[in-house]
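Only the coordinates and a few stated rules stand behind these numbers; no lab work does. Since the structure is predicted, the reported quantities are computational estimates derived from the model, not experimental observations. Neighbour counts run over all protein chains shown; Cβ positions are idealised from the backbone, glycine included.
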Amino acid sequence: MGSAQLKTGPTHFKTMVQLDVPQGRNGKHKVIVSTILKDLDRLKDGAALKVPLADLVGSKEKVRSALNRATRKAGRRVATASDANFLYVWNIIE
């Protein structure tokens, strides 16, 4: 490819300086997932967190998926279970 060339004509969208583009992704589950991870750090072996489903933004499946992505990224191993009212989360101890 050649050098960048200045193209003329209007754009369809507004423009901004690339340095001002936000680089982080803060999804709607970030707060609950961060809170769960912090609590897991303080959890005693053999204990589980009991997260009320009413406190979750969105479905428990979507929160589980977000938690799974976060724990894999951090290299952590956790397990989850649920019933009609709670999402249970605990550290897997090897």
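A Förster radius of 22 Å combined with the Cβ-Cβ distance from GLN23 to ALA74 puts the calculated FRET efficiency at roughly 0.70. Once the mean of 1/r is taken over each pair of separate Cα atoms and inverted, the chain shows a Kirkwood hydrodynamic radius of 16.4 Å.
Scalar couplings 3J(HN,Hα) for region 79-89, obtained by applying the Karplus form with A = 6.51, B = -1.76, C = 1.60 to θ = phi - 60°, are 10, 9, 8, 8, 10, 5, 10, 9, 10, 9, 9 Hz; x denotes Gly and Pro. Label positions at LEU56 and ILE93, each projected 7 Å from the Cα along the C-beta direction, are separated by 2.6 nm. Taking amide H positions as modeled 1.01 Å from N, with prolines and chain starts lacking one, the residues under 5 Å from LEU87 and 5 or more places away or on another chain are VAL51, LEU53. Taking the dipole about the Cα centre of the chain, with the C-beta of Lys and Arg at +1 and of Asp and Glu at -1, give me whichever of LEU49, VAL89, SER34 is farthest to the positive side. Of the listed residues, the answer is SER34. Per residue, the average separation of C-alpha pairs within less than 8 Å and at least 6 apart gives the chain a relative contact order of 28 percent. Between the beta carbons of THR11 and SER65, assuming R0 = 30 Å, the FRET efficiency works out to 0.25 to the nearest 0.05.
By counting other Cβ atoms within 10 Å of each Cβ, how are PHE13, PHE86 ranked from fewest to most? Mind dumping the intermediate values first?
Numbers: PHE13 5, PHE86 17.
With the sparsest Cβ surroundings first, the list reads PHE13, PHE86.
Principal-axis analysis of the Cα atoms of the chain puts helix 60-74 at an angle of about 80° to the longest axis. Relative to the dominant Cα principal axis of the chain, helix 30-42 is inclined by about 40°.
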